[in-house]
Amino acid sequence: METPQKIYGWYSQQQLNNIIGKFSKPYIYYKDIYGNIVQITEVKNNRISKSNFPDAYSLGELQEFHASDGKPMVFDNSRYISSAVEPTSVTDEI
């Protein structure tokens, strides 16, 4: 039996601003490995691959796709931001 590939989420406000208006459902949500719903702008299969957007920060390992929508959900990703560590650092992951 094949082991499922791990995926990691990233969020960038700059990236979101770039995709709003280009896609009908730019707001994308996943569940992380702790069951929290997080808004992402990028998914990668390597936890140390950084986003090309300077304001991006890691949301850690994701478990499954939750939803995408044309309007944003109201919630807070701020628990993933650390002012003591560069936002794209692997150590910023939970």
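The values are calculated or read from the model by the stated rules, or taken from the named source; none is laboratory data. As the structure is a computational prediction, the values presented were derived from the model and not from experiment. Here Cβ is always computed from backbone atoms with ideal geometry, including for glycine, and neighbour counts include all displayed protein chains.
Values as computed for the structure displayed
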item	result
Residue list for the stretch 1-36, restricted to those being surrounded by 13 or more Cβ atoms within 10 Å (Cβ to Cβ) and hydrophobic (A, V, I, L, M, F, W, C)	Ile7, Trp10, Leu16, Ile19, Ile28
In the stretch 35-53, residue nearest to Asp76 (Cα to Cα) [restricted to those that are modelled with pLDDT of 95 or more and in a loop (DSSP other than H, G, I, E, B)]	Thr41
Enumeration of residues in the stretch 43-54 that are surrounded by fewer than 13 Cβ atoms within 10 Å (Cβ to Cβ) and either among the acidic types (Asp, Glu) or within 20 Å of Pro26 (Cα to Cα) (or both)	Asn52, Pro54
Of residues in the stretch 55-73 being of a type in the set (A, V, I, L, M, F, W, C) and surrounded by fewer than 16 Cβ atoms within 10 Å (Cβ to Cβ), the one modelled with the lowest pLDDT	Met73
Whichever residue in the stretch 5-30 is closer than 19 Å to Leu59 by Cα and in a loop (DSSP other than H, G, I, E, B) and, among such residues, is nearest to the chain's Cα centre (by Cα)	Ser12
